[in-house]
Every structure is written in structure tokens, then in C-alpha cells.
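The values are calculated or read from the model by the stated rules, or taken from the named source; none is laboratory data. Because the structure is a prediction, the values reported are computed rather than measured. Positions of Cβ are backbone-derived with ideal geometry, glycine not excepted, and every protein chain shown enters the neighbour counts. The area values use the complete protein model at the heavy-atom level, side chains included, leaving out ligands, DNA and RNA. Shrake-Rupley method; radii C 1.70, N 1.55, O 1.52, S 1.80 Å.
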Amino acid sequence: TGSKLPGELDVGSFVRDWCWENGMILRNNGDMLIVAPALSMTREEIDLMLSGLDGAIQAAVERFEL
């Protein structure tokens, strides 16, 4: 298990909002990210989803200096 982030940072909401602004919909429960992809996706769609999530996490790392 990884270490938990301080709740007052609200990193989960930051990641959710970043994804929304960049065309990806996910939800968060605190700092837990809930991703519910389609049951049938192409490899390209999976790569696009993971790339978007990676971008959101990298933006959070930079924003919160994690």
C-alpha cells in the first residue's frame, strides 16, 4: 500500500477536474479515482485513456509538488 495524501490537498478532485477539462470523464472518492471504461474498447482507446490519466497524475505531481 502507498502512503495517503493529506486530505486538505484534495488531489482527487484536481485530477478529476483536469481529466474533465481534457476530455476524459472519471469520478473520485477523496483521492481514490474511479475509472469505468467501456466494456469494448480498442487498443488505441485504451492507450488514449491511460495517456490521459498519466497526464492528469503528472499535472497533480507538478501542482502539489508530490
* Normalized C-alpha radius of gyration of the chain, against 2.2 N^0.38 Å? -> 1.15
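Which value, in Å², gives the accessible area per residue of the chain when a 1.4 Å probe is used on the protein heavy atoms? All intermediate terms of the calculation are to be shown ahead of the outcome.
Numbers: 5110 Å² over 66 residues.
So the chain comes to 77 Å² accessible per residue, rounded to a whole number.
At 222 nm, what value in deg cm²/dmol follows for the chain if DSSP H runs of at least 4 each add -39500 (n - 2.57) and the sum is divided by all its residues, to the nearest 500?
Working: 2 runs with 33 residues, N = 66.
Per the formula, -16500 deg cm²/dmol.
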* To do: Could you grab the relative contact order for the chain? Cα pairs under 8 Å, six or more apart, rounded to a whole percent.
  => 33
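How much length, in nm to one decimal, is gained on full extension between residue 41 and residue 61, taken as 0.36 nm per residue of separation minus their Cα-Cα distance?
Details: separation 20, 0.36 × 20 = 7.20 nm, distance 2.83 nm.
Difference between extended and current length: 4.4 nm.
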* To do: Please get the size of the charge dipole for the chain, origin at its Cα centre, with Cβ charges of +1 on Lys and Arg and -1 on Asp and Glu, quoted in debye to the nearest 20.
  => 220
* For the Cα atoms of the chain, what angle does the longest principal axis make with the long axis of helix 11-21, in degrees from 0 to 90, nearest 10? -> 40
* Asked: Percent of accessible area on segment 1-46 owned by carbon and sulfur, 1.4 Å probe?
  -> 54
* To do: Relative to the longest principal axis of the C-alpha atoms of the chain, give the angle of the C-alpha long axis of helix 43-64, reported between 0 and 90° and rounded to the nearest 10°.
  => 10
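Would you kindly state how much longer the chain becomes between residue 8 and residue 25 on full extension, computed as 0.36 nm times their sequence separation minus their alpha carbon distance, in nm to one decimal? Can you show the working numbers first?
Working: separation 17, 0.36 × 17 = 6.12 nm, distance 2.28 nm.
Between residue 8 and residue 25, full extension yields an extra 3.8 nm.
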